[in-house]
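Structure, as structure tokens:
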Amino acid sequence: SEGGVLQRLGACTDFQTSQPAGMPPLSCRRLGFPARGISRLTESTFDQMPGLEALDLSWNRLRVISPLNFEHLTGLIELDLSYNDIATLEPGCFQQHSRLQKLWLQGNRLASLPAASF
């Protein structure tokens, strides 16, 4: 990450085939970036990772979660956003994620979970 912004991915914890240098492995299923000081995700951070099933962004400094942050991760089953500085879940954040089974949000500054986020 540069300046706390995670822009593109370069490694994952399990993948089946390697990709050309500079390209994230498209078959990555599990990815973790815990405690990396990430404060913001770009809209394209995960656009090359459609097969991602588990993502760990715990213990970072994320503040706002937008529907655009994870829009390409429609196969996501587990998402760990615990222990960040999240105060806002924008409407529609997880509406496209019908496979999402586990979502960790503890340790954030959320006062409530808006129904429109799911």
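FYI, it's all coordinate maths here, none of it is from the lab. Being a predicted model, the structure only gives us computed values, none of them experimental. Every residue, glycine as well, gets a Cβ built from its backbone with ideal geometry; the counts of neighbours run over all protein chains shown.
Annotations
- Sequence-ordered 3J(HN,Hα) estimates for the range 62-69 from the Karplus curve with 6.51, -1.76 and 1.60 and θ = phi - 60° stand at 4, 10, 10, 10, 10, x, 6, 4 Hz, glycine and proline given as x.
- Qualifying trypsin sites (Lys or Arg not before Pro) for the range 73-118 [loop in DSSP, other Cβ within 10 Å: at most 16]: Arg99, Arg109
- Rounded to the nearest Hz, the phi-derived 3J(HN,Hα) couplings of the range 51-56 under the Karplus curve 6.51 cos²θ - 1.76 cosθ + 1.60 (θ = phi - 60°) are x, 5, 10, 9, 9, 10, where x marks glycine and proline.
- Stretching the chain fully between Trp104 and Arg63 yields a gain of 13.3 nm (0.36 nm per residue, less the alpha carbon separation).
- Overall dimensions of the range 28-83 by Cα: Rg and Dmax, Å: 10.4, 26
- Annotation: amide H-H contacts under 5 Å for Gly107 (H modelled 1.01 Å from N, sequence separation of 5 or more, or interchain): Tyr83.
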